[in-house]
Amino acid sequence: MAEIVRVYTGDDDLTHIEKVDVPMESFVDTEGAYGLGTPFQPASGITFRESPPGYFLDWHNAPRRQYTITLTGEAEIEASDGTKMRVGPGDILLAEDLTGKGHTTRVVSMGTRLYVVVALEE
């Protein structure tokens, strides 16, 4: 089963990180594609970004609910509860820590991190 890394604000106003299973169900699309997938989620935009080796973004909150999908490179996310988790190629992160102290993001790979941000509609 697929997993995503969820970054969220807890009742203690700190950011926490957890891995959660993605509920997959059978589908057949209009063009005939089939298999397992998730239901569609409304999205308001998509952007592709690059961050160089050594990039560091100090404590911040997610600007909106969004998925971040790493294509190349590796980043380390540190939550304000002290938890650290690395994300690399193929990893999906759901950022939902819109309040509280937030998290940091550091590129830890030797090469550039290329990633996709998908902004979710509210």
In the stretch 24-53, the residues that are surrounded by fewer than 12 Cβ atoms within 10 Å (Cβ to Cβ), out of contact with any Gly (no Cβ under 8 Å at 6 or more places or on another chain) and over 20 Å from A119 (Cα atoms): V28, D29, T30, E31, G32, A33, Y34, G35, P52
Yes/no for E25 being over 21 Å from the mean Cα position of the chain (by Cα) and modelled with pLDDT under 95: yes
Criterion: surrounded by 15 or more Cβ atoms within 10 Å (Cβ to Cβ) and under 13 Å from V7 (Cα atoms) - qualifying residue of V117, V87, V107: V87
Breaking point among (1) within 17 Å of T15 (Cα to Cα); (2) under 14 Å from the mean Cα position of the chain (by Cα); (3) not hydroxyl-bearing (S, T, Y), for E74: (1)
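Residue-by-condition table, conditions (1) more than 21 Å from D81 (Cα to Cα); (2) touching a residue at least 24 places away in the same chain (Cβ under 8 Å); (3) in contact with a Cys (Cβ under 8 Å, 6 or more places away or on another chain):
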{"position": "H16", "(1), (2), (3)": "no, yes, no"}
{"position": "D29", "(1), (2), (3)": "yes, no, no"}
{"position": "G37", "(1), (2), (3)": "yes, no, no"}
{"position": "G45", "(1), (2), (3)": "yes, yes, no"}
{"position": "P53", "(1), (2), (3)": "yes, yes, no"}
Condition met for F56 (of a type in the set (F, W, Y) and either in contact with a Leu (Cβ under 6 Å, 6 or more places away or on another chain) or surrounded by 10 or more Cβ atoms within 10 Å (Cβ to Cβ) (or both)): yes
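The values are calculated or read from the model by the stated rules, or taken from the named source; none is laboratory data. As the structure is a prediction and not an experimental result, all values here were calculated from the model. Cβ atoms come from the backbone with ideal geometry, glycine included; neighbour counts cover every protein chain shown.
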